Amino acid sequence: MVKNMSRRQRVFNGEELINETLRDISWKALRKKRNSHLRKTDKFLVIDRPLPDETKEAITTYRQLLRDLPQTFPNDDNANDAYDNFPPMPEVD
């Protein structure tokens with residue numbers, strides 16, 4: 001399972017924030033996160049799972065956005081941009 005990745009690195013002195021930077025994300029780490037999200041949504045698209053058509057469509061669109069990340073941000077330097085634009089998972093009841 002992929003832990004919650006964050007680009008933000010914060011340094012505190014007690015409760016006071018004294019420094020905040022953004023770290024670079026590799027395509028390898030981003031693909032792990034993407035693949036984890038694809039696995040998490042597999043269960044919503046099985047035939048015997050009753051979901052409203054609207055929800056199935058939202059999950060299908062979300063999964064396609066995840067698959068398209070490398071093509072949407074094609075350069076090796078764009079992993080950070082892809083991470084910053086990672087699509088939010090739709091709400092599923």
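At a glance:
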{"quantity": "GNM flexibility winner over the chain from 33, 43, 56 (Cα, springs under 10 Å)", "calculated": "43"}
{"quantity": "Choice from 31, 67, 23 showing the highest fluctuation, given a GNM over the chain with Cα pairs closer than 10 Å", "calculated": "23"}
{"quantity": "Estimated FRET transfer efficiency (residue 60, residue 85; beta-carbon r; R0 22 Å; 0.05)", "calculated": "0.70"}
{"quantity": "Coil-residue GluC sites (Glu not before Pro) of the chain, DSSP, other Cβ within 10 Å capped at 12", "calculated": "15, 91"}
{"quantity": "Residues of type lysines that residue 56 reaches as a straight line, Cα spacing below 20 Å, ignoring anything fewer than 8 places off in the same chain", "calculated": "40, 43"}
{"quantity": "Full-extension gain in nm, residue 21 to residue 6, via 0.36 nm per residue minus C-alpha separation", "calculated": "4.3 nm"}
{"quantity": "Over the chain: helical MRE at 222 nm, DSSP H runs n ≥ 4 each giving -39500 (n - 2.57), nearest 500", "calculated": "-14500 deg cm²/dmol"}
{"quantity": "Helix axis angle, 53-72 relative to the chain longest principal axis, alpha carbon, degrees", "calculated": "50 degrees"}
{"quantity": "Cβ-derived FRET efficiency at R0 22 Å, residue 32 paired with residue 75, nearest 0.05", "calculated": "0.70"}
{"quantity": "Relative contact order for the chain, counting Cα pairs under 8 Å that sit 6 or more residues apart, in percent", "calculated": "25 percent"}
{"quantity": "More than 21 angstrom apart: percent of Cα pairs within the chain", "calculated": "44 percent"}
{"quantity": "Highest-fluctuation residue, 12, 44, 73 considered, GNM on the chain with Cα pairs under 10 Å", "calculated": "12"}
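Coordinate-derived values only; no laboratory data. Worth saying up front: this structure is predicted, and the values here are computed from it rather than measured. Note: ideal-geometry Cβ built from the backbone for every residue, glycine included; neighbour counts use all protein chains shown.
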